[in-house]
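Peer 1: The structure follows.
The values are calculated or read from the model by the stated rules, or taken from the named source; none is laboratory data. Predicted, not measured: the structure shown is a model, and the values here were computed from it. Don't worry about glycine lacking a Cβ; one is built from the backbone with ideal geometry, like all the others, and counts go over all protein chains shown.
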């Protein structure tokens with residue numbers, strides 16, 4: 001993995017990447033599978049928002065979200 005891929009693993013929050021950027025990484029061959037984990041933890045309605053094109057309504061990940069899990 002390059003720094004480009006692990007920026008969000010350093011204990012900081014992150015913003016949603018653009019779908020164009022994501023598709024570019026897939027097309028470039030950086031990876032062939034995209035999984036959603038953190039997005040679903042912070043925003044359970046993530047899939048509906050993406051399907052409906054409401055990308056601007058997605059909530060951003062932050063490690064503090066883990067404090068609310070029991």
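Peer 1: Do you know which residues across the range 37-70 are at pLDDT 90 or above, more than 18 Å from residue 21 (Cα to Cα), touching a helix residue (DSSP H, G or I) at 6+ places or on another chain (Cβ under 9 Å) and not in a helix (DSSP H, G or I)?
Peer 2: If the condition is that a residue be at pLDDT 90 or above, more than 18 Å from residue 21 (Cα to Cα), touching a helix residue (DSSP H, G or I) at 6+ places or on another chain (Cβ under 9 Å) and not in a helix (DSSP H, G or I), then 45 is the only one that fits.
Peer 1: Do any residues in the range 27-49 that are within 14 Å of residue 62 (Cβ to Cβ) have Cβ atoms under 8 Å from those of residues that are assigned to a loop (DSSP other than H, G, I, E, B), where the two are at least six apart or on different chains, and which pairs are they?
Peer 2: Qualifying pairs under 8 Å: 39/16; 39/58; 41/69; 42/59; 42/60; 42/62; 43/58; 43/59.
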